[in-house]
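The structure appears right after this line, and notes come after that.
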Amino acid sequence: YSFFPGQPRWPESRRDLTYAFEPRNALTDEVKSVFERAFVRWGEVIPLTFTRSETFSTSDIRIGFYSGEHGDGEPFDGVMGTLAHAFSPPNGNFHLDEEENWIVSGDGGDGRSLSETSAIHLESVAVHEIGHVLGLGHSSVQDSIMYPTITTGRRKVDLTSDDVEGVQYLYGANPNFNGSTTPPTSTQQRDTGDSGAACRL
Amino acid sequence: GFYPNSSAIPPDLRRNATGNVWNSFLNFTGCHAGMKVDGLYKLKQYFKHFGYIPETHAGNFTDDFDDILKNAVEMYQRNFQLNVTGELDDLTLNHVVIPRCGVADVVNGTSTMHSGRRTYEVSFAGRGPRFHAVKR
């Protein structure tokens with residue numbers, strides 16, 4: 001795991017965070033529930049809470065789908081390429097590329113390889129970006145959530161011990177956390193791009 | 001668009017989705033230091049975006065495979081646990097074109113991707129020979 005320079009984190013006075021969705025996106029409850037599941041995963045391991053708010057502008061974390069240049073100097077580039085980005089604490093901005101084909105089912109879909117259709121599993125990206133919102137940088141551990149890329153053919157939503165160690169360094173452990181995480185596997189799967197092989201985001 | 005599963009994606013969108021904006025980088029397979037290849041400056045822009053070329057660089061990149069690009073490639077290969085060749089080999093470029101998070105891997109020229117790895121040292125000083133284990 002790694003952190004942003006200076007190890008920024010949400011201050012002690014802001015441990016009950018709110019999140020809201022860009023109202024112009026008019027997201028369905030199904031899409032919003034994907035993010036709720038992602039927040040729960042992080043909330044299980046650290047003593048922070050995440051509550052959905054309807055007030056976008058004043059929420060701690062602001063989630064929005066945008067295309068191209070959208071005001072933060074980090075333009076999205078269309079289908080695939082860069083999929084999402086989020087800013088270090090206490091910024092709270094969490095942006096996703098609205099031009100992607102996002103799969104919103106909790107279980108990863110219908111079993112068809114997402115790499116065939118270049119579709120992206122939304123919850124997998126959401127869990128990763130929330131890690132950035134909390135202060136984690138990218139990890140070199142390939143199975144970790146905070147690895148910069150992820151196979152599209154697979155749903156990747158479970159925090160590994162690398163992710164948990166990193167975020168607990170910043171915030172401490174949730175008293176209710178039982179210590180169960182997914183350890184990194186010893187045999188690392190090497191992704192080789194598209195054309196039938198795994199495609200990663 | 002949002003879809004319950006990949007089968008729900010309209011066929012015409014599936015076709016469009018196969019075009020990765022970075023796929024043209026695959027044409028650089030085999031390039032190495034000293035070469036000059038049309039369009040190589042775009043790959044330098046990619047590496048600059050993700051921090052492998054410092055922000056302090058002016059950004060008026062040439063198509064030369066110079067030391068700036070070689071250093072960037074080597075750091076990228078280290079971060080992704082690829083063979084550190086400094087060349088644009090097949091495996092490296094197949095990683096480069098993979099869609100990814102837009103947050104930089106490297107900040108201020110220093111990769112942070114390995115920074116949190118802890119080192120544990122445990123010593124067992126029993127009657128027998130001293131056993132010293134290090135876990136990284």
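The values are calculated or read from the model by the stated rules, or taken from the named source; none is laboratory data. Predicted model, so just to flag it, every value in this text is computed and none were measured. Note that we place each Cβ from the backbone using ideal geometry, even for glycine, and neighbour counts take in every protein chain shown.
Across the range A:127-143, the number of residues qualifying as closer than 17 Å to residue A:46 by Cα and in contact with a helix residue (DSSP H, G or I) (Cβ under 7 Å, 6 or more places away or on another chain) comes to 6. Considering (1) more than 20 Å from residue A:127 (Cβ to Cβ); (2) surrounded by 18 or more Cβ atoms within 10 Å (Cβ to Cβ); (3) among the acidic types (Asp, Glu), the lone condition that residue A:60 does not fulfil carries the number (1). Yes or no: residue B:48 more than 8 Å from every other protein chain (Cβ to nearest Cβ), buried (at least 21 other Cβ atoms within 10 Å of the Cβ) and not in a loop (DSSP other than H, G, I, E, B)? Here the answer is no, as residue B:48 does not meet what is asked.
Residues in the range B:41-75 that are within 19 Å of residue A:137 (Cβ to Cβ) and in contact with a His (Cβ under 8 Å, 6 or more places away or on another chain): B:48 alone. Against the conditions (1) away from chain B (no Cβ under 14 Å); (2) surrounded by 12 or more Cβ atoms within 10 Å (Cβ to Cβ); (3) of a type in the set (Asp, Glu), residue A:30 satisfies every one except (1). The condition (being at pLDDT 95 or above, buried (at least 22 other Cβ atoms within 10 Å of the Cβ), within 8 Å of chain B (Cβ to nearest Cβ) and outside any loop (DSSP other than H, G, I, E, B)) is satisfied by just one residue among A:138, A:128: A:128. Highlighted here are the strands (runs of 3 or more DSSP E) found entirely within the range A:1-114 that include at least 3 residues which are at pLDDT below 95: A:101-103. Which of the following residues is touching a residue at least 40 places away in the same chain (Cβ under 8 Å) and among the hydrophobic types (A, V, I, L, M, F, W, C): A:40, A:79, A:34? One residue alone meets the criteria, A:34.
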